[in-house]
Amino acid sequence: MSEFQLTLSEYLSTIQEVILITFEEPVWVKAEIRNLSIKGGHYYLELAEKEESTDKVIASCKATIWKFSAAKMVLKFERESGIELSKDLNVLIKVKAKFDPQYGFSVNVEDIDSSYTIGDIARRYMQIVERLTAEDLINKNKSLPTPFDLQNILVIAPENAAGLGDFKKDADALDKAGVCHFIYHTATFQGNTAATSITESLSTALRQWAKDFNSAPDLIVIIRGGGAVNDL
């Protein structure tokens, strides 16, 4: 065979050299954090770009925030944005490309623009408001009459949530005094399954309530229980 040949390591080393030359300087990149884990102070991320109309992933790669810069960088982002760095966030990050013949392609994160993430969350919030307005749902709660006497209260909250503990400090005192009676059910409030978990927990709670009581709950309390602002 007369065609020019390379070993795999030679071929990948050539690609490594091209990437080093082409992307010598870091660049700002928009991406979604699909997954994030912390090990030994290092932040390991999986970044992705999704097609807006279908939510299909069209690009992805691994990223790392090394320990020596992670504490300062992450603290700065969270202080400026009020948001915990976590998965499902859309971020604008300064990255430097890295390719290793043995471990493949990844990027090192050198900075995070907190203002971009704040703006993205504000944009998504406005989209929710516009949708609720278009569907004539935005003022539904305000139009409900306020009950003047609360006795039996249904509570949906994450299990062992800090917010639930704060709520129960006062609720237990009211229950003990015979002012109100509280029934608790749990649900998952974070991640892709949150909406389904909350809906199923509420449905189960109401079915059980119908068996135990002759009337509907006077009040349904849903407690988020702390966590990142972007999980709201």
- prompt: What chymotrypsin sites (Phe, Trp or Tyr not before Pro) does segment 75-162 have in DSSP loop regions with at most 10 other beta carbons within 10 Å?
  reply: TYR103, PHE148
task: Assuming R0 = 25 Å, can you tell me the calculated FRET efficiency for the pair ILE58 and PHE105, based on Cβ-Cβ distance, to the nearest 0.05?
output: 0.95
- request: List SER9, SER197 from most exposed to least, where exposure is judged by having the fewest other Cβ atoms within 10 Å.
  value: SER9, SER197
- line: Once LEU150 and LEU174 are pulled to full extension, the length gained, defined as 0.36 nm per residue separation minus their Cα-Cα distance, is 7.5 nm
statement: Here the tail fraction of P(r) beyond 17 Å, over all Cα-Cα pairs of segment 8-134, rounds in percent to 63 percent
field: Coil-residue trypsin sites (Lys or Arg not before Pro) of segment 19-92, DSSP, other Cβ within 10 Å capped at 16
entry: LYS56
message: I need two numbers for the chain: Rg to one decimal and Dmax as a whole number, Cα atoms only, in Å.
response: 24.9, 92
message: Run the reach check for LYS50 against aspartates and glutamates, Cα to Cα strictly under 17 Å, same-chain hits fewer than 8 apart removed. What comes back?
response: GLU32, ASP88, ASP120
message: Can you tell me the orientation of helix 162-176 relative to the chain, as the angle in degrees between its alpha-carbon axis and the longest Cα principal axis, to the nearest 10?
response: 10 degrees
message: Using a Gaussian network model on the chain with a 10 Å cutoff between Cα atoms, which of ILE198, ILE38, ILE21 fluctuates the most?
response: ILE21
field: Rg/Rh (Cα only; Kirkwood hydrodynamic radius) as it applies to segment 90-176
entry: 1.24
message: Please compute the volume of the convex hull spanned by the alpha-carbon atoms of segment 145-231 and report it per residue in Å³.
response: 114 Å³
query: In whole angstrom, how far apart do the alpha carbon centroids of segment 15-92 and segment 130-162 sit?
result: 36 Å
field: Reach of LYS72 by Cα under 25 Å, taken over lysines that are not fewer than 8 positions away in the same chain
entry: LYS30, LYS39, LYS62, LYS87, LYS94, LYS96, LYS98
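A short reminder: the numbers here are calculations on the coordinates, not readings from a lab. This one's a predicted model, so the numbers in the text were calculated from it and none came from an experiment. Methodologically, a virtual Cβ is constructed for each residue, glycine included, from the backbone with ideal geometry; neighbour enumeration extends over all protein chains shown.
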